[in-house]
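Reviewing the structure listed below.
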Amino acid sequence: MRSRTALTAVCAVVLASLVAAPAQAEYYSTSDPADANRSLTDIRAVRAKHGAANVVVKVRFQDLTRSSAAGLSVFIDTDRGERGAEYVLSSGLNDGTDYVLTTAAGWRGTAERVECDYEATYNWGIRNSVRVRIDRECLQRPSAVRVSVKMADPTDGSTRVVDWSPERRRWSLPIESGLGA
């Protein structure tokens, strides 16, 4: 009888901990299917971390080459009550490219540059990735963010291949500020 009572109590504690688990996390990670087959810069994975000091988004591609004509947009949502993104970091995906963080109106960047500390780092070859780091001060220190990533590649000049992660104009789960990044 005592073992059955103890087992019931353990099950209740485990169930309560599962039900009480937070719906948000400090990071978000997803793989992306090979769905932009006409572009070498097909997004394959996205990982975002919302640390105490920075928001870091890492995008991995099928094949990131130094001579790509493709571009990348990393959308950041800091206000779930507003439609679309509040910020977007836009960049080319080729060697020598530049990048800029601007405010956003819906799903488009504006001409309003955000003057703060941010960077994009390109890893060619085996890593095939871009790492974006944005100081939380740039985003007005939100308690949570959501991210969405878009790659656009004008493959032959007449047809543009577009790849979104997690999906077209969809957000990651909310990512609360944590200790890392």
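The values are calculated or read from the model by the stated rules, or taken from the named source; none is laboratory data. Not measured: the values here are computed from a predicted model. Don't worry about glycine lacking a Cβ; one is built from the backbone with ideal geometry, like all the others, and counts go over all protein chains shown. Surface accessibility is based on the protein's heavy atoms, side chains included, excluding ligands, DNA and RNA. Shrake-Rupley method; radii C 1.70, N 1.55, O 1.52, S 1.80 Å.
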Quick one: ranking D117, D63 by accessible area, 1.4 Å probe, largest first, what do you get? D117, D63
Computing the accessible area with a 1.4 Å probe over protein heavy atoms, can you report the carbon and sulfur percentage for the stretch 89-181? 42 percent
Sum up the charges of everything whose Cβ sits under 14 Å from the Cβ of W124, counting Lys and Arg as +1 and Asp and Glu as -1, but leave W124 out. +2
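So how do S31, S68, S90 rank on accessible area, 1.4 Å probe, biggest first, that is with the largest at the start?
I get S31, S90, S68, largest accessible area first.
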Taking the Cβ of Y27 as the center, what net charge do the other residues with Cβ under 13 Å away carry, scoring Lys and Arg +1 and Asp and Glu -1? +2
Under the Karplus relation with 6.51, -1.76 and 1.60 and θ = phi - 60°, whole-Hz ³J(HN,Hα) for the stretch 92-103, x at Gly and Pro, equal x, 10, 10, 5, x, 6, 10, 9, 8, 9, 10, 6
Using the Cβ atoms and a cut-off under 9 Å, what net charge is assigned to the surroundings of K150, where Lys and Arg are +1 and Asp and Glu are -1? +1
